[in-house]
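First up is the structure itself, then whatever we jot down about it.
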Amino acid sequence: MNEQQNTSVAVVGLGKIGLTLAAVFANNGYTVYGSDINKEVVTSINNGKSHINNEPGLDQLVADAHNNKSLSATTITADAVRKSNVIVVIVPVLVDDQNHVDYHFIDAAVQEIAKGIRKDTLVIFETTLPPGDTRNRFGNKIEEISGLRLGEDIYLAYSPERVYSNRILLDLQTYPKVIGGINEKSLRLAAEFYTNALNCQLIEVSSLETAEFSKVAECVYRDVNIALANELAQFADAKGVNMSEVIDASNSQPYSHIHAPGIGVGGHCIPIYPYFFINKGLKPGLTTMSREINDQMASYSISKMEEEIDSLENKNVLILGLSYRENVKEPTKSTTFLLLEQLRKKRANLFVHDPHFTEKEIRNYGARSLALNDEFAAEIDVIILQAYHQQYSSLDFTAFSNCELVFDGRNRLNRREITNLGMKYLGIGN
C-alpha cells in the first residue's frame, strides 16, 4: 500500500454516521465514494442534499463536498470499492426479536466489498460488533472471496464509532478514535488515515478484538448504570425519597456518577449491544440483570399509574414521544413500543404525539396520532412523557382539561404547573 496519504475512500453505509463521516472526509482532501442500498439516499447525496435531519453542520458539509465534486454515491458497493484504497464500513448490526445478532445487512455489504476490493486496500470497520467478528466473520470472508491475503495483500482495522445523534461532528472532534489492527502495518495505516481525515486524538490498542470489546463495554457500562439508577429509583418511590435530589447530592462526590432513571432505554446502542456479549458466552450477571431491569421500567411505570387511577381500561392515554429519546427522529427500540403493547392489554385507548413523525408514520407503528391542538386533547385522561422533545418544555397542559394524571417518564416536566391544574403528577423515583 502506498505510504503516502490515500486519496480515495469508499464509505459503505450512508446513515447518519456514515454520511457524516463521508462528508467530513470529502471536505478534508479525500475523494469519497459512498454506497448505500437505499436509492433515495443515493439520489439525495448526488444532488448535494443530506437526507439526515437535525445534525448541525451536516447539510453544509454535504453541499460543499458536492460542489467540490469530492463526494458521490452509488447503490453498487463493489464499484465504490474498486475506486478506493480505503474502505470504511458503517452498516448497522442489530438484534432480532429474540435478541440474536442480526447480520443480514452487513453480511451482504461485505460480500460486495470482497467482489470489488483491490490489492493494497485498507478496510476499516466502524460498525459496533461482537468481539472477534472483524477478523473471523468479515475479514475471513473478504479473504475467501477476493483471494487476497489479510495483512499482506490487504489490510484490516477496526475503529468503533463513538458519536451521539445531534452532535456527531462535535463528537468526532472531541472523542479519541480507538483503533486496532490485524497487524502492525494495518494499525499504522489506519492511524495515518484518521490523523489526516479527522485530525483527532488516537488511542491505538493491541488487537482488533480489544477495539471491538471497548465499544461494547462502553454501552454495557451505561446500561448497568441506568439499571442501578432505576433500581434505586423504585426503592426511593417505596421510601418516599426524591431520587433526583439523591443523584445531585451523591454525584457531588467525584467518584459517584449515577445516571438518571427513566421509563426505559432505547436506541441503536444501549438496549442492543449488551447482547453482543451475552450471546457470545458472557455468564449471567450484572449485564443480563440490567437488561431485565431496564426493559421492565415500562411495566413498573404502568403499575404506578394504576395505583393512582385504579384502572386504565377505556382511558384515553396520550404518549408524548415515539422516538427513543429527545430531539431525534429515531424509533429503534423505543420504550413507546413497550408501553403500547402493555397498554393494549389494559384495554386503554391509545394516542401518540411526536413532532418528528408524520401522522402516517405514527399510524404505521400501530398508534393513532394526536395533534396537541386537536379538540380531542380535552378528552385525554392520562399523559405519559416518554421522550422529552424540546417542544414539550413549553407544553400548555390547560388544553388537557379532563386529564387526571401526568406520568413524567423523564422527570423533566414542571410538577407545580401540572398539580396546580388539578392533575396528579408522577415521576420515576420522585
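The values are calculated or read from the model by the stated rules, or taken from the named source; none is laboratory data. A quick note: this is a predicted structure, and the numbers were derived from the prediction, not measured. Neighbour counts are summed over all protein chains in view; Cβ atoms, including those assigned to glycine, are modelled from backbone coordinates with ideal geometry.
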- Task: Filter segment 183-199 for residues that are closer than 16 Å to Asn28 by Cβ and loosely packed, with under 15 Cβ neighbours inside 10 Å and give the result.
- Result: Thr195, Asn199
- In segment 231-268, what residues are crowded, with 22+ Cβ neighbours inside 10 Å and in contact (Cβ under 8 Å) with a residue 60 or more places away in the chain? Ala233, Met243, Pro261, Gly262, Ile263, Gly264, Val265, Gly266
- Any chance you could count how many residues in segment 321-348 are surrounded by fewer than 17 Cβ atoms within 10 Å (Cβ to Cβ) and over 26 Å from Val95 (Cα atoms)? 2
- Would you be able to tell me the number of residues in segment 350-366 that are among the aromatic types (Phe, Trp, Tyr) and at pLDDT below 95? 1
- Item | Test: residue in segment 69-86 that is within 23 Å of the chain's Cα centre (by Cα) and of a type outside the set (A, V, I, L, M, F, W, C) | no
- Item | Hey, Ala65 of a type in the set (Gly, Ala, Ser), over 25 Å from Ile154 (Cα atoms) and touching a residue at least 40 places away in the same chain (Cβ under 8 Å) or not | yes
- Task: Evaluate segment 360-377: report whether one residue or more is more than 27 Å from the chain's Cα centre (by Cα), surrounded by 13 or more Cβ atoms within 10 Å (Cβ to Cβ), among the β-branched types (Val, Ile, Thr) and not in a loop (DSSP other than H, G, I, E, B).
- Result: no
- Task: Sort through Ser50, Ser70 and tell me the only one that's buried (at least 16 other Cβ atoms within 10 Å of the Cβ), touching an Asp or Glu at 6+ places or on another chain (Cβ under 7 Å) and polar (S, T, N, Q).
- Result: Ser50
- Message: Looking only at helices (runs of 4 or more DSSP H) that lie completely in segment 197-291, which have at least 3 residues being modelled with pLDDT of 95 or more and in contact with a Phe, Trp or Tyr (Cβ under 7 Å, 6 or more places away or on another chain)?
- Response: 208-239
- Message: Being modelled with pLDDT of 95 or more, β-branched (Val, Ile, Thr), more than 24 Å from Pro56 (Cβ to Cβ) and buried (at least 21 other Cβ atoms within 10 Å of the Cβ): is that true of Ile179 here?
- Response: yes
- Only one of (1) touching a helix residue (DSSP H, G or I) at 6+ places or on another chain (Cβ under 6 Å); (2) in contact (Cβ under 8 Å) with a residue 40 or more places away in the chain; (3) not in a loop (DSSP other than H, G, I, E, B) is not met by Val352, so which one is it? (2)
- Message: Which count do you get for residues in segment 266-313 that are farther than 14 Å from Val95 by Cβ and of a type outside the set (Val, Ile, Thr)?
- Response: 26
- Query: Is one or more of the residues making up segment 330-341 modelled with pLDDT of 95 or more, aromatic (Phe, Trp, Tyr) and over 27 Å from Asp96 (Cα atoms)?
  - Reply: no
- Kindly indicate the residue of segment 184-226 that is of a type in the set (Val, Ile, Thr) and within 24 Å of the chain's Cα centre (by Cα) and also nearest to Thr134 (Cα to Cα) among those meeting that condition. Thr210
- Item | Residues satisfying the stated conditions in segment 121-174, i.e. assigned to a loop (DSSP other than H, G, I, E, B) and closer than 11 Å to Val89 by Cα | Glu126, Thr127, Thr128, Ser159, Pro160, Glu161
- Considering every residue within segment 325-348, establish whether at least one is within 17 Å of Phe407 (Cα to Cα) and touching a His at 6+ places or on another chain (Cβ under 8 Å). yes
- Note on the structure: Counting only residues in segment 378-430 that are aliphatic (A, V, I, L, M), under 26 Å from the mean Cα position of the chain (by Cα) and not in a loop (DSSP other than H, G, I, E, B), the one farthest from Ile258 (Cα to Cα) is identified as Ile383
- Query: Looking only at segment 296-310, which residues are at pLDDT below 95 and part of a loop (DSSP other than H, G, I, E, B)?
  - Reply: Asp310
- Query: If you check Leu94 against the conditions, is it modelled with pLDDT under 95, under 19 Å from the mean Cα position of the chain (by Cα) and among the aliphatic types (A, V, I, L, M)?
  - Reply: yes
